[in-house]
Amino acid sequence: MINKRDGLNRRSFLGVAAAVCASPLFLKSSVLGRDGFVPPSEKLVSALIGFGNRGHDLINSFTPNPNFKMIGVCDCYQKHAQEGADRVNEIYQNKDCIIFPKYEDVLQRGDLDVVVIGTPDHWHTKLAVESCKAGKDVFCEKPLTLTLAEGRQIIAAARKYNRVCSSGSQRVMEDYGYMAPVIQSGAIGDVKEVYIGLGPAGKTCYLPEETIPEGFDWERWLGQAPYVPYNKDRCSGDYGGGWRNYEEYGNGFLADWGAHKFGGSLYALGLDTTDPVEIIPPDGKDVKYMTLIFKNGIKFYHVTDGSHDITFVGTEREYRHEVDRDLKPLKVVEVRRYSGGANNITDDFAYSVKHRIRPFQDFQYGAHTAAFCQLANIGYKVNRPLKWDQEKCQFVDDEQANRLVSRVQRSPYTIEV
């Protein structure tokens, strides 16, 4: 059964120190500039970092929302920053939106409550950690992290600095949330297998050098990633390609849509605060799909042949996303849901910030889902069975795989909690 929404006492991701996790999610009035809680009628002053395709969507979600007031847009490409500011001004019908050339300028604002992160994946953890340090609450796009080690860091920062932090997969609840009560009620028996249809894992990027556009800080866009010459396709935010394809900046479409589909499936099973213990790549013979096995024996399969979307296999029957949507729970069960009567992830985040509670997609959930996808990616890369020790954040007796738990980060873009 999914753990109850016990918020402040939940165990954190990958063995972060218990003392950090147990600290209450409450901020001094000197931090908030008010008496701990934000009055429900007060708007949360916000700024967006990273205006691409998804950044545009985030502006469209946050700016019309009565809980938020977006005062600025930050992007290392002047053209994108201007386009983002223009969009905010269009919605608000004014010309007040501030353009921030660097994220450091955003975090220095004493009047800022919330940072919204819409950058490529390789910037997520760095920006989230720095935002937490600066006393800001954070809404960060999915996939939440780039590496397994970053999963530890991003949770540690949220807990250490007592911030409300939400990872950004709206589909976990809004598209797939209906499955959780059905599965946890026992309507399909005991779940043994889950088939998830997704795109491929990340690949290494090899592209020729092109001229850097005027006003684009390419060095800053690369951030912690290895330095390489500019190419427009390398940093394209196109939903069908671009940086999402490449392991330097993301973990492929396995992770991009895995944040939704794996996230929703793990939520439905109550496995979104734990990791699989075995990773078995396909071998062309006995193992057809990438297989990830949990301690309780449930097997997840990454399916790339189009034969599945989301399919749960129970001891009583199969349960397929959308196809079997009319199946009802056998009994009433308690599952984690949005707070304060919210029906979308943005309102849930706003309620959580104002009431100082952990949101539905608290960083621990987004970090575990990202870790699930990262484990699969590493399994593909080394192409042999692996055993994973979540508490130690390392693979068992596999030096090559353990080198992929983290990566060397370029200075000055290293991540320090």
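Structure summary
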quantity: Two-site FRET efficiency, residue 212 against residue 57, from Cβ-Cβ distance with R₀ of 30 Å, rounded to 0.05; calculated: 0.70
quantity: Set of lysines near residue 102 by C-alpha distance (under 19 Å), chain-local residues within fewer than 8 positions excluded; calculated: 79, 126, 133, 136
quantity: Sequence-distant aspartates and glutamates (8 or more away, or on other chains) whose Cα lies within less than 14 Å of residue 295; calculated: 193, 272, 275, 278, 389, 391
quantity: Segment 217-249 and segment 338-366: distance between their alpha carbon centers, rounded to Å; calculated: 31 Å
quantity: Long-range tail of P(r) for segment 297-417 (Cα pairs > 23 Å, %); calculated: 58 percent
quantity: D_trans [Stokes-Einstein, Kirkwood Rh over alpha-carbon pairs] for segment 182-283, 10 °C, 1.306 mPa s, µm² s⁻¹; calculated: 97 µm²/s
quantity: Residue (of 249, 280, 312) at the positive-pole extreme of segment 248-317, dipole from beta-carbon charges; calculated: 312
quantity: Given charges at beta-carbon only (K, R positive; D, E negative), |dipole| of segment 169-259 in Debye; calculated: 240 debye
quantity: Segment residue 399-residue 325, length gained on full extension (0.36 nm per residue, minus Cα span); calculated: 22.2 nm
quantity: Amide H partners (placed H, <5 Å) of residue 166, local residues excluded; calculated: 138, 139, 140
quantity: Test item: Cα-centred dipole of the chain, Lys/Arg +1 and Asp/Glu -1 on Cβ, debye; calculated: 1080 debye
quantity: Cα-based equivalent ellipsoid of the chain: semi-axis lengths in Å, sorted from largest, via gyration tensor; calculated: 32, 27, 20
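Bear in mind that the values in this text are calculations on the coordinates, not laboratory data. From a predicted model like this one, the values you see are computed outputs, not experimental measurements. We place every Cβ from the backbone using ideal geometry, glycine too, and count neighbours over all the protein chains shown.
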